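Written out below as structure tokens is the structure these notes cover.
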Amino acid sequence: MKEFIASEVLPNTTGALLILGTFRAFAFPRHMHEGYSIGLIHSGVNRFECAGSSWAARPGSLCVMNPEQIHSGEADCEGWTYTNLFLEQSALLGALGKEANASPIWFRQHVLDDPFAVARFKALAEASVPGAESMAAECEYTLLLARLGQIARGPSQEKKASARALLRVRDMLDSVCDRSIALAELARVGDMNTFHLVRSFTEEFGISPYAYHMNRRLQRAQRMIEAGTFVAEAAFATGFTDQAHFTRHFRRFLGITPGRVAKFVKRKR
């Protein structure tokens, strides 16, 4: 069966990116997001890998990924439909009355079956339609974030310290989002051969250097488009000379085309 994606941005007054999407015969690659990714499953089963385990989110469940957390996602021929909320860390901290530099809120369970959170999420989606009262969406959004904060716990303190060389490589990838980069250049930064670099980086961070760098470039492009930059300019600024190539990667990364995000931004303004 040919892969199928249908997705649209739900306009709302909270400022958060809210996407309604259906996926069939489609697989998200291993990737990550700068903020939280929280999805309410409406139909079908979202099967994904996260934190070294396999998860399955069914209708009425929330699938939750933490910021920078590597995960995948797979839709079989029956597929699944969800509403997904992309949430900045500062928004969740702010909803809980915490300072921006407070300890991050961290979810250890990645499928949540919490009736109150699910009800608030549904109400938020229902209020995110043209003509709806702005306060309705904002109240449901606030109640949802407060409940999520109650569910989550602080981050594990048992994270293994990364080698300094790999941190230098990661910092390099973080700083160069305007172009592609060669493994040889990264190997020089890490003072190791390319084979050792790829193997060690992937073991340490759960994602290859290439996939990590692609994520960073696409995250930057997403921020630019959400700030009002034209899609073509965002593509060029992040090292994509072929807009079709950029759109293909962006769609696979976020589940929606950059053009649809740009239209949402234009409507919001």
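The values are calculated or read from the model by the stated rules, or taken from the named source; none is laboratory data. Quantities reported herein were computed from a predicted structural model and do not represent experimental measurements. For neighbour counting, all protein chains shown are included, and Cβ atoms are generated from backbone atoms with ideal geometry for every residue, glycine included.
Some observations on this one:
- Of all the listed residues (Leu10, Leu93), the sole one being among the aliphatic types (A, V, I, L, M) and in contact (Cβ under 8 Å) with a residue 60 or more places away in the chain is Leu10.
- If you check Ile19, Ile70 for being closer than 28 Å to Arg267 by Cα, not basic (Lys, Arg) and not assigned by TED's automatic domain parsing to the domain that holds His213, only one passes: Ile19.
- Looking only at the stretch 247-259, and only at residues there that are more than 18 Å from Arg24 (Cβ to Cβ) and in contact with a Lys or Arg (Cβ under 9 Å, 6 or more places away or on another chain), the one that is modelled with the highest pLDDT: Pro258
- Test: residue in the stretch 182-195 that is within 26 Å of Ala221 (Cβ to Cβ), surrounded by fewer than 16 Cβ atoms within 10 Å (Cβ to Cβ), within 23 Å of the chain's Cα centre (by Cα) and of a type in the set (Gly, Ala, Ser): no
- The helices (runs of 4 or more DSSP H) located wholly in the stretch 229-269 that include 3 or more residues which are out of contact with any helix residue (DSSP H, G or I) (no Cβ under 7 Å at 6 or more places or on another chain) and farther than 20 Å from Tyr82 by Cβ occupy 243-254, 258-268.
- Top-ranked residue in the stretch 76-116 [being over 19 Å from the mean Cα position of the chain (by Cα), outside any loop (DSSP other than H, G, I, E, B) and among the small types (Gly, Ala, Ser); ranked as surrounded by the most Cβ atoms within 10 Å (Cβ to Cβ)]: Ala95
- Among the numbered conditions (1) in contact (Cβ under 8 Å) with a residue 12 or more places away in the chain; (2) surrounded by fewer than 22 Cβ atoms within 10 Å (Cβ to Cβ), the only one that Gly52 does not meet is (1).
- Taken together, the criteria exclude Phe201 from residues that are more than 21 Å from Arg30 (Cβ to Cβ), part of a helix (DSSP H, G or I) and in contact with a Pro (Cβ under 7 Å, 6 or more places away or on another chain).
- Count - residues of the stretch 218-258 that are within 19 Å of Glu68 (Cβ to Cβ) and out of contact with any Gly (no Cβ under 6 Å at 6 or more places or on another chain): 13
- Checked against (1) crowded, with 20+ Cβ neighbours inside 10 Å; (2) closer than 19 Å to His33 by Cα, Ser61 passes all but a single condition, namely (2).
- Criterion (over 21 Å from Glu203 (Cβ atoms), outside the structural domain of Phe236 (by TED's automatic domain parsing) and at pLDDT 80 or above) met by exactly one of Ala125, Ala100: Ala125
- Conditions (1) of a type in the set (S, T, N, Q); (2) assigned to a strand (DSSP E or B); (3) surrounded by 18 or more Cβ atoms within 10 Å (Cβ to Cβ): number failed by Asn12: (2)
- Note on the stretch 31-49: residues that are surrounded by fewer than 18 Cβ atoms within 10 Å (Cβ to Cβ) and under 11 Å from the mean Cα position of the chain (by Cα) total 1.
- Test: residue in the stretch 143-165 that is exposed (fewer than 12 other Cβ atoms within 10 Å of the Cβ), assigned to a loop (DSSP other than H, G, I, E, B) and either basic (Lys, Arg) or at pLDDT 90 or above (or both): yes
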